[in-house]
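J.: One structure follows; several queries about it will come next.
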Amino acid sequence: MSSVLLRPGVDAIAVKGWWSAHQWLLLRRITQVSVLGLFLAGPLFGIWIIKGNIASSLTLEVLPLSDPYLLSQSLFAGHWPETTIVIGALIIAAFYFLVGGRVYCGWVCPINPVTDLAAWIRQRFDIKGGARFPRQSRYWLLAMTFITASISGSLLWEMVNPVTIVYRGLIFGMGMVWLLLLAIFLFDLLLSPRGWCSHLCPMGAFYSLLARYTPLRVSASKREQCNDCMECYAVCPEPQVIPPALKGAEQGIGPVITGINCTNCGRCIDICSKHVFQFSTRFTHTSYQGAI
Amino acid sequence: MSKADKRVDQYRRRFLIRAAGQACGAALLGMGLLTLARQTYGLPATAIRPPGALAEPDFLAACVRCGLCVRDCPYNTLKLSELGDKVTTGTPYFIARNIPCEMCDDIPCVVACPTGALDKELTNIDDARMGLAALVDEENCLNFLGLRCEICYRVCPLINKAITLEAQHNPRTGKHALFIPVVHSDACTGCGKCEHACILPEAAIKVLPTHLAKGAPGQHYRLGWEEKQKAGGSLVAPDKEHEYNLPEGFRYEHEGQGLIKEKESDKTPFGSNPLDTLNQRGNSNE
Ligand code: SF4
Ligand code: SF4
Ligand code: SF4
Ligand code: SF4
């Protein structure tokens, strides 16, 4: 079976065609590029729709959008913030609360394409082994970033946080950021499979916590059609969230993937040749077909 | 203990050990970070924070490194530190020698800052204290050499307040004046226009962090002349005027005039014999 899993998606492409077997992936990449493009349009072409970077920004000169994780760090560091960033952070927190906390990871974060690429290469070239950190490590790291912010009285994690450093680098000047990207890529590729995003990143952990009651979720609504091809596990960055929804019918668990680590990336929807998954809300079992 | 209980117990043990391991890992990383931060939090003396920036430790707690201040600076003065730069990564700064702060009236950088890292209390740019200019090289400053360069003085937005020219005697030529540029910390904003404009290949006047540019007087020091002014008069018993043993008709003026002949007499006060004068017997043979 592992030979099949070297190239997951063959069945899906055969059944649904290449485009629908990649629709969410493409949409995600388009979103990532567009968001970055909006930030870059200013410095590159003088079209100032969004100013700043993902830490905090101003859209069309009126709408502040700020990262709640950075604001939290700042609070832990002991700074009483201006209202602007509080409003911006509340808007962003509310948004991700609604669409799924880690939609940030899957649809916006600049590290995601890098770690996805590493995971893809691992799979394709059957690179095995490497250290596996417990998936809970990220929450300890999250706590660590807050505690060290308090001790140092500064946004200490922002000295190394690859997410904000890379994004800022892309917009304001890369400096040595390429090295950081390379480090993350090699870490995921050779040292620890899906090590960064799915096990360690405290930013991902923070957004996971926002997803506890997220309405928008993926649902294995046609789980009875599952033929156990295992391809969804192979492509999912957080495969531990799938079994309860996919295999929980006997235990009376609903088909909605409620695990907070799910990034709503939709890869499972794409890859499944049996049309098991679809976007849905956490409240419904009957489903609506995704927009595309 | 029943078998099931034992299992639960073992499960709990394993869980606790795992959790402890993760916590330790995170703590180790945290400690590493804290030490690293000590060494790498940097603000070289030539890098100046934007106007209104909180004191450095508070600034590092407040600034989320968004670059909105940088974007709204009309003169491209501000830069966001890139990874690997000497300035704490992602934070805004400027190098006066490259592009100084133009001291915009509306202070757009402060207005743009969403966090308060640049203090909104700052509404008059003249109140900004980004640093303090110091004329650090008295050997090469042209005005110290007796020339009339004083570009720094001319470009200062607070000319005659932040920099004044103080005339001094030029001991080299003996007859000219030196016009010494003197920076006044009660007015200098640290904008860096002077450093930027200094015509020397390496500026003789530089904006430095205030604590580097400025000394501090001992807490118990009192300046006598200021105390005197405050008190409206001398606080110590006035000095008795010194009296000289002068020949009749002479007076000594302390303010600089020296020996003054009070009344004109046709006789010289001294005898014609110089020995008499030396022996203080000027009038003896009258
Ligand atoms: S886990 Fe972290 S690095 Fe990975 S996609 Fe999410 S925010 Fe980005
Ligand atoms: S606008 Fe404020 S928070 Fe943003 S980079 Fe400048 S000083 Fe920092
Ligand atoms: S830095 Fe120089 S130019 Fe600016 S206010 Fe001070 S003395 Fe004047
Ligand atoms: S511009 Fe430079 S050389 Fe000229 S007076 Fe000022 S400090 Fe001296």
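The values are calculated or read from the model by the stated rules, or taken from the named source; none is laboratory data. Remember, predicted model here, so these are calculated numbers, not experimental data. Every residue, glycine among them, receives a Cβ derived from its backbone with ideal geometry; neighbour counts consider all protein chains shown. To get the accessible areas, we keep the full protein, side chains included, count just its heavy atoms, and leave off ligands, DNA and RNA. Shrake-Rupley method; radii C 1.70, N 1.55, O 1.52, S 1.80 Å.
Conditions tested, residue by residue: (1) among the aromatic types (Phe, Trp, Tyr); (2) farther than 13 Å from A:SER154 by Cα; (3) more than 16 Å from ligand 4 (Cβ to nearest atom); (4) in contact (Cβ under 8 Å) with a residue 60 or more places away in the chain.
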| residue | (1), (2), (3), (4) |
| --- | --- |
| B:LEU34 | no, no, yes, no |
| B:ALA45 | no, yes, yes, yes |
| B:PRO50 | no, yes, yes, yes |
| B:LEU54 | no, no, yes, yes |
| B:LEU60 | no, no, yes, no |
| B:CYS69 | no, yes, yes, no |
| B:PRO74 | no, yes, yes, no |
| B:SER81 | no, yes, yes, no |
| B:ASP85 | no, yes, yes, no |
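J.: So A:GLY106 passes all but one of these: (1) within 8 Å of chain B (Cβ to nearest Cβ); (2) among the small types (Gly, Ala, Ser); (3) open to solvent by less than 10 Å² (accessible area, probe 1.4 Å). Which condition number does it fail?
T.: (1)
J.: Same structure, new question: Looking at A:LEU141, A:LEU156, which is the one that is touching a Ser or Thr at 6+ places or on another chain (Cβ under 6 Å) and facing another protein chain (nearest Cβ under 10 Å)? First the steps, then the outcome.
T.: Values: A:LEU141 fails: touching a Ser or Thr at 6+ places or on another chain (Cβ under 6 Å).
Matching residue, one of A:LEU141, A:LEU156: A:LEU156.
J.: Please enumerate the residues belonging to the range A:190-205 that are open to solvent by 10 Å² or more (accessible area, probe 1.4 Å), away from chain B (no Cβ under 14 Å) and either within 16 Å of ligand 4 (Cβ to nearest atom) or in a helix (DSSP H, G or I) (or both).
T.: A:LEU190, A:LEU191, A:CYS197
J.: Going through A:GLY129, A:GLY46, A:GLY100, A:GLY42 one at a time, which residue ends up being at pLDDT below 90 and within 13 Å of ligand 1 (Cβ to nearest atom)? Working first, answer last.
T.: Numbers: A:GLY129 fails: within 13 Å of ligand 1 (Cβ to nearest atom); A:GLY46 fails: within 13 Å of ligand 1 (Cβ to nearest atom); A:GLY42 fails: within 13 Å of ligand 1 (Cβ to nearest atom).
It is A:GLY100.
J.: Here's a follow-up. Every residue in the range B:97-121 that is within 12 Å of ligand 2 (Cβ to nearest atom) and at negative phi, please.
T.: Result: B:PRO108, B:CYS109, B:VAL110, B:VAL111, B:ALA112, B:CYS113, B:PRO114, B:THR115, B:ALA117, B:LEU118, B:ASP119, B:LYS120.
J.: Give A:ILE165, A:ILE171 a once-over and let me know the one that is among the aliphatic types (A, V, I, L, M), open to solvent by 10 Å² or more (accessible area, probe 1.4 Å) and under 19 Å from B:CYS66 (Cα atoms). Walk me through it before giving the result.
T.: On the way: A:ILE165 fails: open to solvent by 10 Å² or more (accessible area, probe 1.4 Å).
Testing whether each residue is among the aliphatic types (A, V, I, L, M), open to solvent by 10 Å² or more (accessible area, probe 1.4 Å) and under 19 Å from B:CYS66 (Cα atoms) leaves just A:ILE171.
J.: What about B:CYS24, is it within 11 Å of another protein chain (Cβ to nearest Cβ), open to solvent by 30 Å² or more (accessible area, probe 1.4 Å) and farther than 20 Å from A:MET176 by Cα?
T.: Here the answer is yes, as B:CYS24 does meet what is asked.
J.: For B:THR123, indicate whether it is away from chain A (no Cβ under 14 Å) and more than 16 Å from ligand 1 (Cβ to nearest atom). So that I can check it myself, show each step before the final result.
T.: Details: away from chain A (no Cβ under 14 Å): yes; more than 16 Å from ligand 1 (Cβ to nearest atom): yes.
So B:THR123 fits the description; yes.
J.: Then there is this: What pairs can you find where one residue is in the range A:31-57 and open to solvent by 50 Å² or more (accessible area, probe 1.4 Å), the other is in a loop (DSSP other than H, G, I, E, B), and their Cβ atoms are less than 6 Å apart, with a gap of 6+ or different chains?
T.: A:LEU38/A:ILE49
J.: Quick check on the range A:70-85. Is at least one of its residues open to solvent by less than 60 Å² (accessible area, probe 1.4 Å) and more than 10 Å from chain B (Cβ to nearest Cβ)?
T.: Step one: filter the range A:70-85 for residues open to solvent by less than 60 Å² (accessible area, probe 1.4 Å), giving A:70-74, A:77, A:79, A:81-82, A:84-85.
Those left that are additionally more than 10 Å from chain B (Cβ to nearest Cβ): A:72.
Checked against the condition, which is being open to solvent by less than 60 Å² (accessible area, probe 1.4 Å) and more than 10 Å from chain B (Cβ to nearest Cβ), the range A:70-85 yields at least one hit.
J.: Go through the range B:146-162 and report how many residues are open to solvent by 70 Å² or more (accessible area, probe 1.4 Å) and within 12 Å of ligand 4 (Cβ to nearest atom). Before the answer, list the steps.
T.: Within the range B:146-162, the first condition is being open to solvent by 70 Å² or more (accessible area, probe 1.4 Å), and the residues that meet it are B:147-148, B:154, B:160-161.
Now drop any that are not within 12 Å of ligand 4 (Cβ to nearest atom), which leaves B:147-148, B:154.
The qualifying residues number 3.
J.: Which of the residues belonging to the range B:95-111 are within 12 Å of chain A (Cβ to nearest Cβ) and open to solvent by 20 Å² or more (accessible area, probe 1.4 Å)? Let's see the steps before the verdict.
T.: Of all residues in the range B:95-111, those within 12 Å of chain A (Cβ to nearest Cβ) come to B:108, B:110-111.
If the condition is that a residue be within 12 Å of chain A (Cβ to nearest Cβ) and open to solvent by 20 Å² or more (accessible area, probe 1.4 Å), then B:PRO108, B:VAL111 are the ones that fit.
J.: Could you list all residues from the range B:95-128 that are within 14 Å of B:ASN76 (Cβ to Cβ) and assigned to a loop (DSSP other than H, G, I, E, B)?
T.: Once the filter is applied, which keeps residues that are within 14 Å of B:ASN76 (Cβ to Cβ) and assigned to a loop (DSSP other than H, G, I, E, B), the range B:95-128 yields B:ALA96, B:ASN98, B:ILE99, B:PRO100, B:CYS101, B:GLU102, B:CYS104.
J.: So for the range B:102-111 (the condition being over 30 Å from A:LEU58 (Cβ atoms) and within 16 Å of ligand 3 (Cβ to nearest atom)), does at least one residue qualify? Show your work before the answer.
T.: Within the range B:102-111, the first condition is being over 30 Å from A:LEU58 (Cβ atoms), and the residues that meet it are none.
No, that holds for no residue.
J.: Another one. Inspect the range B:126-145 for any residue being within 16 Å of ligand 4 (Cβ to nearest atom) and either within 14 Å of chain A (Cβ to nearest Cβ) or over 18 Å from B:GLU195 (Cβ atoms) (or both) and give the result as yes or no.
T.: Yes: the range B:126-145 contains one or more residues that are within 16 Å of ligand 4 (Cβ to nearest atom) and either within 14 Å of chain A (Cβ to nearest Cβ) or over 18 Å from B:GLU195 (Cβ atoms) (or both).
J.: I need the helices (runs of 4 or more DSSP H) fully contained in the range B:163-252, keeping only those with at least 2 residues that are surrounded by 13 or more Cβ atoms within 10 Å (Cβ to Cβ) and either more than 16 Å from ligand 2 (Cβ to nearest atom) or under 22 Å from the mean Cα position of the chain (by Cα) (or both). Write out each step before concluding.
T.: Working: elements: B:193-197, B:210-213, B:224-231.
Counting at least 2 such residues, we get B:193-197, B:210-213.
J.: Within the range A:218-274, how many residues are open to solvent by less than 50 Å² (accessible area, probe 1.4 Å), assigned to a helix (DSSP H, G or I) and either modelled with pLDDT under 85 or over 23 Å from A:LEU6 (Cα atoms) (or both)?
T.: Final tally of qualifying residues: 2.
J.: Ok, one more. Restrict the check to the range B:134-152 and report whether at least one residue is touching a helix residue (DSSP H, G or I) at 6+ places or on another chain (Cβ under 7 Å), in a loop (DSSP other than H, G, I, E, B) and of a type outside the set (Ser, Thr, Tyr). Steps first, please.
T.: Let us first name the residues in the range B:134-152 that are touching a helix residue (DSSP H, G or I) at 6+ places or on another chain (Cβ under 7 Å), namely B:134, B:151-152.
Within this subset, residues satisfying the condition of being in a loop (DSSP other than H, G, I, E, B) are none.
No, the range B:134-152 has no match at all.
J.: Quick one: how many residues across the range B:71-94 are outside any loop (DSSP other than H, G, I, E, B), touching a helix residue (DSSP H, G or I) at 6+ places or on another chain (Cβ under 9 Å) and more than 7 Å from every other protein chain (Cβ to nearest Cβ)? Show your work before the answer.
T.: Here is the first cut: in the range B:71-94, the ones outside any loop (DSSP other than H, G, I, E, B) are B:71-72, B:79-80, B:92-94.
From what is left, the residues that are touching a helix residue (DSSP H, G or I) at 6+ places or on another chain (Cβ under 9 Å) are B:71-72, B:79-80, B:92.
Remaining after also requiring more than 7 Å from every other protein chain (Cβ to nearest Cβ): B:72, B:79, B:92.
Total satisfying the criteria: 3.
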